[in-house]
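Quick notes on the structure that follows.
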Amino acid sequence: MNTASDEGKKASNSGAALGRVVVAKTSLDGHWRGVSVVARALRDVGFEVILLGMVKDREIARAAIDEDADLVGLNIGGRVQVAERIIETLREEKYQGPIFAGGTIPPYAVRKLGLLGVECFPPGSSLDDIVAAAIRLTSGKD
């Protein structure tokens, strides 16, 4: 059985870059493990990862545009309103690409963010599922 990691490694080994992903932490808590693990997994399968850290919505949008990101990943740390503001800012700044989010995301927020076109990965999500989504979202096979 091929996993998302296997598919990413095949693309990476063929010399094809999978794309550029801007990953940002959106809350002020100090929990970096999840965002670091996801960023590393994306890098390991062949994505170029730009890890911003804890930044404001305009900084995330500016980085997505300046870095010509194929995907934006947000660690929302339970701050759904902050995530909504970031998504709105990304759209205002003309970022057209896909967005995915992880971290502490309550079920109602998964539905709400889904309606905004954001793919969500709450705690317990499989790393293979996250990587597979990143590959799918950046390959145009949505």
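The values are calculated or read from the model by the stated rules, or taken from the named source; none is laboratory data. Small disclaimer: the values here were computed from a predicted structure and weren't measured. Cβ coordinates were reconstructed from backbone atoms using ideal geometry, including for glycine residues, and neighbour counts include every protein chain displayed.
Overview of results
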| read-out | value |
| --- | --- |
| Residues satisfying the stated conditions in segment 44-64, i.e. under 13 Å from residue 17 (Cβ atoms) and acidic (Asp, Glu) | 48 |
| Flag if residue 58 is out of contact with any Leu (no Cβ under 8 Å at 6 or more places or on another chain), in a helix (DSSP H, G or I) and more than 24 Å from residue 139 (Cα to Cα) | yes |
| Whichever residue in segment 35-86 is surrounded by fewer than 19 Cβ atoms within 10 Å (Cβ to Cβ) and of a type in the set (Gly, Ala, Ser) and, among such residues, is farthest from residue 108 (Cα to Cα) | 63 |
| Segment 91-104: number of residues that are closer than 15 Å to residue 24 by Cβ and over 13 Å from the mean Cα position of the chain (by Cα) | 2 |
| Subset of segment 88-124 that is among the charged types (D, E, K, R) and surrounded by 12 or more Cβ atoms within 10 Å (Cβ to Cβ) - its residue that is nearest to residue 49 (Cα to Cα) | 119 |
| Subset of segment 9-45 (residues that are assigned to a helix (DSSP H, G or I), of a type outside the set (A, V, I, L, M) and either touching a helix residue (DSSP H, G or I) at 6+ places or on another chain (Cβ under 7 Å) or modelled with pLDDT of 75 or more (or both)) | 33, 34, 36, 40, 43, 44 |
